[in-house]
Every structure is written in C-alpha cells, then in structure tokens.
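These notes concern the structure reproduced below.
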Amino acid sequence: MKLQASSPQDNQPSNTTNNSTDSNHLSMDEHAMRSMDWDSIMKELEVDDDSAPYQLQPSSFNLPVFPDIDSSDVYPGPNQITGYGFNSLDSVDNGGFDYIEDLIRVVDCIESDELHLAHVVLSQLNQRLQTSAGRPLQRAAFYFKEALGSLLTGTNRNQLFSWSDIVQKIRAIKEFSGISPIPLFSHFTANQAILDSLSSQSSSPFVHVVDFEIGFGGQYASLMREIAEKSANGGFLRVTAVVAEDCAVETRLVKENLTQFAAEMKIRFQIEFVLMKTFEILSFKAIRFVDGERTVVLISPAIFRRVIGIAEFVNNLGRVSPNVVVFVDSEGCTETAGSGSFRREFVSAFEFYTMVLESLDAAAPPGDLVKKIVETFLLRPKISAAVETAANRRSAGQMTWREMLCAAGMRPVQLSQFADFQAECLLEKAQVRGFHVAKRQGELVLCWHGRALVATSAWRF
Amino acid sequence: MYSAIRSSLPLDGSMGEYSDGTNLPVDACLVLTTDPKPRLRWTSELHERFVDAVTQLGGPDKATPKTIMRTMGVKGLTLYHLKSHLQKFRQGRQLCKESTENSKDVSCAAESQDTGSSSTSSLRLAAQEQNEYVYVSSSYQVTEALRAQMEVQRRLHEQLEVQRRLQLRIEAQGKYLQSVLEKACKAIEDQAVAFAGLEAAREELSELAIKVSNGSQVPFHTTKMTVPSLSELAVAIEHKNNCSAESSLTSIPVSATLMKRHRGVFRNGESVVVGHETGWVMPSSSLG
C-alpha cells in the first residue's frame, strides 16, 4: 500500500505503514467523527493536561490505510492513529499520548502478521518509554509495551524464577491488600457468597471448594475462620486447586500454610492439587468428588482462557451439581465479549489497567515503594497475561461469560445484604476516595469512578 | 436520618414528660400541669379531637387556630394553646415527611398515612431537648413506630455485626499472608545456608586445584560458576529494570542473590553451566 502523498513532516519513511492491501480511504468527515471518539476515550483515560494536544491535520498528508475495520467498531480507525503517530514521531516526546498510538500500531502489526514492522515500532517505543514512572497512563503504557515485547520475542517473563521473586510476589499481595480494597473485595465477597450458600441448607457440613486460581491461598484464611466459628464441633473444609504446571513452589507453600492455618482454627482440612493440563483433558473427571459434600466452584475469566470448549466446560460444571458457582471477574471482562479483535481487547485491557493504576495512585502516595512492588510483581504479570490472551483471541466471536452461564441453564443467585454491608464497610475502612460499590444484574461490583474493577456474582443451576 | 423516631417513644401512650407534680385533671377535658406556670397537657384524647377538627377543616394548612377552637368546642382551650399546637403539628408532619424522603431505612408510618390521606392524619414528634411534647395518637401508630424502630435497630445491629466480622476476616487474611511470607523468607535463608556451604566447599576445591596445577593460566577460575544460565540472564535483566524496587528491600537476605547467581550449581551439582531452564524446580519438591 502506498501513501498517496508523503507528509512533509515525515522524516522516517520506514514508519509508513505498508501493511494493508486495501485502498480504502475514509472521507474527511469520517476522520473527524472518529477523532471525536478518540478524544473522548483519551479524556476518559485522563491524559495529562501538560501534554501538547494533538491536532488532526488531515490537510497535510493523506493518511495511509489499514485493513478495513468493522463498521460497528467503536474505536477510531487506524488512519487516525497513524496520522498522529506520524506527527509526533520526529519530535521529542512531549508527554503526549503518542506512545499509545504507537502501541496500537504494534498491536495492529502483530494482528496483521507484520512482525518486522512491529519490531521497528516497538524499538522506538522502547526509546520513549524507558521507565515505569509517571502518571498512570504512562506506566500502563510501559507495562503494555513490555508485554508486547515479550509477546514478540516469545519469552514468558511471568514465571517466578526464584525464591526472591516469590517472596516479592507474596509481599506485593500483602501490601496490595493493605492499601487497596480491590483484593479484599474479591476475596470477601466470594467468601460471603460461599457462606450464604452453605447456610441456606443445614444438611451436610462437608464443604468442597474447587478453585481455579488459588494464588497463595489467602482467601481461605478468612473462610476457614468463618467455618470454624459457625460449626460447633469443628468444621470441615476440602479444597481442590487446579494449578498451572510451573507452580511447584507456590503449591508447596500453599499446602503447608493452609494446613497449618486450618490446624490452628481446629478445622479438618484437606487440599489436593490438579494440574491444569490434566484438567484440560479430563475436565471435572480429574477432580475427586465425594458424595454428601456440598460443592462450591470458584471461577474467574482465567478459566475461559485455558479451557478450549467453554460451553462444554459449563455443561460439565452442571454435571458436578455444585451448590454454588462463584464468579469473580477482576480483569474487566464483564463488558466486552470476545470480539475476535486483538486491538479491541488490547485497548480494553489498557483502559482497565490504567484505571487500576489510577486507583493505586489514590491509595498510596506517589513514588511509594509499596506501589512499585505491587505494580511490578502483581499487576505487570496480569498485564502480560491479558495481552497474551488478547493476542490469542481465543474468545473470538463468543458470547460474554454471563451469556454462556445463562445459556447453560444457570441462574444468578442474589447476594445477601451481609455481602452488601461488608463491601461498604470495606470501602470505609480502606479510606480511598473514588471507590464505590454498585449492584448490577445480581452482581456486586467494586467501581472506581464509575468503572467496574471487580465484579462478583453467584450462580446455581 | 432517624431523628424523627430516635428518642424513646412512650410505649403506653402516656405523656413523656412529667412535671414535679402529678397530673391533675382540672376539668373534664383539660389536664393542666401543676408547675408554677400551668401548661396544657395534650392528652391523646385531646389530640385526637384536635386532629379530627383539623381534618374536618381540610388539613393543618387550611385550618386556623380560631376555626379549630370553634370546631373542637373544648372549654378552656385558648387560641394560644391551639396556635402553638398547630405549629408543632405542621412541623412534625414536615419532619416526618423529610425523614421519610431522606432515609430508606426508617418507615415512618405516619407518613404513609399522611400522604394525601383525609381520614386519620396523625402526628408523631420526637421529644427533642426543646420540644416537650410527644404524641402518640393511637396504638396503631405505636406498633408502627415500634416496628420501624426495630427495623432500624436490626439494621444497626447487622451493620455492627458486619463490621466485627469484617475485622476478623481482615485479620485472618493478614495473619495468613504474614505467615506465608515468613515461610518463604525462611526457605530462602535455608537455601542460602545450603548454598553457602556448597559454595564454600567449591571454593576450597578450586583453590586446591589451583595449588595442584602448575600455576599456569589454568582455566579453573572460569569454573567459578559465574556464567549464568539463560533464565538467570532474563531474571537479571528484569531485575535491572526494577532495580529500585530490589535494592531497597532490605529484608531480603543478601544470600538470596547469592543463591540466584549460583542456582546452576545447585541444580547440577557438578557441572558449571546449566541449560535453559523452563521453570523453577526445587530439588526436594513434590507436588501435593
């Protein structure tokens, strides 16, 4: 694809995009319209006021074209972005969000399989985004850039290589729980949903929780506490955790610590681990179920990444007849369905994590070391995972998870007033301005300035 | 929010305030107090008559003290009495309305009856410091007030319970994470100790080897395990990017970095450089 006319400002012809085979030019009106969308998006992302506002200069050059996009695409066309990117490429980084446009260009290049060009743009980005400092937007851009880099080079930096990394991660979780209500909201709301489902029937005291994202097991501490208090003659808790293959160390830690904690709480406790790979093959047959137990299944969007047939998964879930299925979405998946577009999911994830970083800024003073730890060891791996997911576009063309659950015959269970009160209480304790709790469609949602960060819901067949 | 109902409502319908003396019925209808400045006691009966009269006259906004006096036909009731009572009545209604609008918790039974009702409007005034009158017109309102108050108390109780439980849960989680952290740190130290021992042994060996050899440029030095594996390189780069986080964490023992560098040694015992590692495997780990 050739440029119709070269831009006078464009000193770097290597950056002209050649990756489209269509000669599809948008009219100027469409340009303007799409720039407005971009405007509002950027405003939402709260770009620094100091940044030089970019100008749409359609008259200076004709924009190159990208592959055609869905007309229903909310986001602006690539032409816009390339245009702005051209403008700012030669100039010194003025703190504007031109790097975001470049990020999206990399995404587009990857999507259209032009890896060489992607590398080029990325290397330039590496020049401009060298540190993970600055405003949330900039930090998010840095992490996403790193994630894209990993994607391109095929390295996986998320593994915990050493004990030092593991300690850092545990510390990050601990600190994060201390400054932001996000992790505690996820855990406690889920726990309350579990407890509510148990209290409704006074039948079996045996509880079996199937957890697909156990982490370091922090959620079970408070659950065990509650079980211990509620039952007269010592409670009983059994956990089956489905874990990834490279989690040997964490697994051992979890087992040791949970077992010890349960002993202190005087609860009879068992924990088993099942490899994710095994689960992918055998589904719920890989898990041991015992008659007479009440089964609770904890899921999150992560499961939909690993499992190939989601409908099948939900069906198998039904066969297990769980008491309750608790879905905790702390990745912002609630709104977007699998759109099948890397770019769309990338932008969506970018917005989401920018919000999370903003909320982190509100919770901790600037430059605080705690924030750095949380970002590096907690958020960054999540961002990498999100980018990888978006690139894989596994969920292409599928329904939202909510639709999938409903289609399989599940119905949402109303969360109790206790859960509501607890969430409000938590926010009061956290004392971070900007968070609030909302209910929507049977979910309890933790919002940051109106944007959902964590959504918890309970389901049953 | 709860101000309309907050203070204690007399449950038996009697007046909330008692003067020095007792109630002395002055005449058939009016009850006056016996303190130095005799004041009219608005008994429930009297109040009901008042309310009826007001209703007849089209509501508290339409009725005037004069017309009420005429309608009620109670001897000894002065305009002055009625003026103040009517004012309080109007205020009380306002209070009740406001409190119901603002609060979702408190159900003001009077409100539900007041809105557009013509039959039995009633008044409930909370006894504030300045306000000496508490009106409870009928037992129905008493029940309603009770129920509302119970509801309020129940919610307060539940919220307190939630707070208490939440505190326990937060503590449990914090305690758990702390112990996980400690165990992990301890594991580092244990390993570091093991490494240190191993490293010391290796150093001795290599020194010995140097002595044994003829002092030429024996490449034995290169066996000092300084060549990191690919994965360690990646880690090092990553840590370089995050060096500010790393360097300030003083609680991580220095031996941890020692361990990291010489991980290759630990894995293979003898050989120097290990191949690319795909994951962390503990020598004695076992799943489950």
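The values are calculated or read from the model by the stated rules, or taken from the named source; none is laboratory data. From a predicted model like this one, the values you see are computed outputs, not experimental measurements. So basically every Cβ, Gly included, is an ideal-geometry build from the backbone, and we count neighbours across all protein chains shown. Please note that ligands, DNA and RNA were not included when accessible areas were found on the heavy atoms of the full protein model with its side chains. Shrake-Rupley method; radii C 1.70, N 1.55, O 1.52, S 1.80 Å.
Once you order the gyration tensor axes a ≥ b ≥ c over the Cα atoms, which shape class does region A:414-461 get: rounded for a/c under 1.5, otherwise prolate or oblate by comparing a/b with b/c? Here region A:414-461 falls in the oblate category. 3J(HN,Hα) along region A:241-258, derived from phi through the Karplus expression 6.51 cos²θ - 1.76 cosθ + 1.60 where θ = phi - 60°, amounts to 10, 9, 10, 6, 6, 9, 10, 4, 5, 4, 4, 5, 4, 4, 4, 4, 5, 5 Hz, with x in place of Gly and Pro. Across region A:362-444, the relative contact order, built from alpha-carbon pairs under 8 Å that are at least six residues apart, equals 33 percent.
Rounded, prolate or oblate for region A:318-461? Axes are the square roots of the Cα gyration tensor eigenvalues, ordered a ≥ b ≥ c, and the cut-off for rounded is a/c under 1.5.
Since a/c reaches 1.5 but b/c is at least a/b, the shape of region A:318-461 is classed as oblate.
Among residues other than A:Met224 with Cβ under 12 Å from its Cβ, the summed charge is +4 (Lys and Arg +1, Asp and Glu -1). Only the Cβ atoms of Lys and Arg (+1) and of Asp and Glu (-1) were treated as charged; on that basis the dipole of region A:225-279 about its Cα centre amounts to roughly 240 debye. Between A:Thr131 and A:Glu293, residue separation times 0.36 nm minus the direct Cα-Cα distance comes to 53.2 nm. Mean sequence separation of contacting Cα pairs (under 8 Å, at least six apart), scaled by the length of region A:97-153, corresponds to a relative contact order of 35 percent.
Rounded to the nearest 20 debye, the dipole magnitude of region A:97-153 is 380 debye, with +1 charges on Lys and Arg beta carbons, -1 on Asp and Glu beta carbons, and the Cα centre as origin. Of A:Leu137, A:Leu125, A:Thr153, which is farthest towards the positive pole of region A:97-153's charge dipole, taken about the Cα centre with +1 and -1 on the beta-carbons of Lys, Arg and Asp, Glu respectively? Projecting each Cα onto the dipole axis, the largest value belongs to A:Leu137. Each Lys and Arg Cβ is given +1 and each Asp and Glu Cβ -1; about its Cα centre, region A:105-217 then shows a dipole of about 520 debye. Pairs exceeding a 19 Å alpha-carbon distance, out of B:Lys62/B:Lys88; A:Lys382/B:Lys186; A:Lys174/A:Lys429: A:Lys382/B:Lys186. Between A:Val239 and A:Val209, A:Gln270, A:Ile271, A:Glu272, the built amide H atoms are under 5 Å apart, and every one of these is 5 or more places off in sequence or on another chain.
Projected label points at B:Gln163 and A:Lys230, each 7 Å from Cα along the beta carbon direction, are separated by 2.4 nanometres. Taken over the C-alpha atoms, region A:97-153 has Rg and Dmax values of 10.5, 32 angstrom. Sorting B:Met150, A:Met276 by solvent-accessible area of protein heavy atoms yields B:Met150, A:Met276, largest first, with a 1.4 Å probe.
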